[in-house]
Amino acid sequence: MNFEEIIKEVYEKKKLISDEGQLADYIPELKLVDPDKFGVYISTLHYGHFGIGDCYDRFSAQSIAKVFSLTLAYSILDSKTWERVGVEPSGTSFNSLIQLELEHGIPRNPFINAGAIVICDILLSHLDNPKEDFLAFVRSLSGHGEINYSDKIASSEKKAGYRNVALCNLIKAFGNIENDPVDVLDFYFDLCSLEMNCEELSKIFLFLANDGFTLHDQRQILTRSQTKRINALMQTCGFYDESGEFAFKVGLPGKSGVGGGIVAIHPKQYAIAVWGPRLNAKGNSYKGMRFLEEFTTRSEQSIF
């Protein structure tokens, strides 16, 4: 499969389209990002790696980091994880409070903000040094130690994160937060501030295409069964209330973030990361979504 040729052609085509998206202006620091950045990087299990455009520029991973926190919590608690958070698509925006009230503080899935906050609470209860241990875990997935939190992004989110404060306190009121909400939110905001580039993201996500084993050191992160479930959650919940459309048009498990990044994986094949900071109305990268739709169409490869 000549992924490089297809990526070059689709990238050049999508680079020229009018980007109708908008920057995530509710996080002040994200408003400062160059809106015209656009990068793609693919890491494969058998056919090498390739990047184009702004694929080496670091950006805020935001909700993509929720896959790492879920992976770590799942590796610790296994099936007990699902006693605290569900596995169903939400059908509402990523920061909605409505379902929490109706469903007694149990978030629909671990990728909406409420679910990721509960996962952070789980990690706070099980890690000796949560921020340091989580960062070490992410670095171990990547194979190098350059990935870090962004103090500027975390501070910006803390100043504007009133809705997340409301989510955490509502969950606490239902008894599904064990730790002090201040500590949970502090960890959550740092987690979302992780900065990575397309190359790093695609290489990190390869373990989800490789039955739970990292490619660089063949270390087992999750069992094959656990890996299947993480991928299933990305397929059904990875794009909030646009998850169905992503499955319909792209046909791969994936995860987006309001920093403009998207990662998608093809089991046994590859992980591909795209970055375009302008977001569509659902909070997903406008160009990233368009690129991945044409990429899987041209390559004639999806999980369906």
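Each value in this text was obtained by applying a stated rule to the coordinates, not by laboratory testing. As the structure is a prediction and not an experimental result, all values here were calculated from the model. Every residue, glycine as well, gets a Cβ built from its backbone with ideal geometry; the counts of neighbours run over all protein chains shown.
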Rounded to one decimal in nm, the spacing of the 7 Å Cα→Cβ label points at residue 87 and residue 2 is 4.1 nm
Counting only residues 5 or more apart in sequence or on a different chain, those whose built amide H sits under 5 Å from that of residue 196 are 59, 61
Per the charge dipole of region 63-192 (beta-carbon charges, Lys/Arg positive, Asp/Glu negative, Cα centre), the residue among 126, 142, 102 reaching farthest to the positive end is 102
Sorted on mean Cβ neighbours within 10 Å (highest first), peptides 89-102, 160-173 come out as 160-173, 89-102
For 50-58, 138-146, ranked highest to lowest by mean beta-carbon neighbours within 10 Å, the order is 50-58, 138-146
Once the in-chain neighbours fewer than 8 apart are removed, the lysines whose Cα is under 29 Å from residue 172 read 66, 80, 131, 152, 158, 159, 255, 282
Ranked output for segments 235-246, 293-304, 15-26, 31-42 by mean other Cβ atoms within 10 Å, highest leading, reads 235-246, 31-42, 293-304, 15-26
In nanometres, the difference between 0.36 nm per residue of separation and the alpha-carbon distance of residue 97 and residue 218 is 39.5 nm
Sequence order, region 39-56: Karplus ³J(HN,Hα) from phi using 6.51 cos²θ - 1.76 cosθ + 1.60, θ = phi - 60°, Hz rounded, Gly and Pro as x, gives x, 9, 9, 10, 10, 10, 7, 9, 10, x, 10, 7, x, 8, x, 8, 6, 9
Taking R0 as 22 Å and r as the Cβ-Cβ distance between residue 301 and residue 26, the FRET efficiency 1/(1 + (r/R0)^6), rounded to the nearest 0.05, comes to 0.05
Magnitude of the Cβ-charge dipole (Lys and Arg +1, Asp and Glu -1) of the chain about the Cα centre, nearest 20 debye, reported as 460 debye
Subtracting the Cα-Cα distance of residue 182 and residue 128 from 0.36 nm times their residue separation yields 17.7 nm
Per GNM of the chain with C-alpha springs under 10 angstrom, the most fluctuating residue out of 281, 114, 232 is 281
For region 198-214, in residue order, the Karplus 3J(HN,Hα) values (coefficients 6.51, -1.76, 1.60; θ = phi - 60°; whole Hz; Gly and Pro = x) are 4, 4, 4, 5, 5, 6, 4, 6, 4, 5, 7, 9, 10, 6, x, 9, 5
With the label point 7 Å along the Cα-to-beta-carbon line of residue 232 and a cut-off under 19 Å to each amide N, the hits in region 97-114 are 107-112
Taking Cα pairs closer than 8 Å and at least 6 residues apart, the relative contact order of region 63-192 in percent is 32 percent
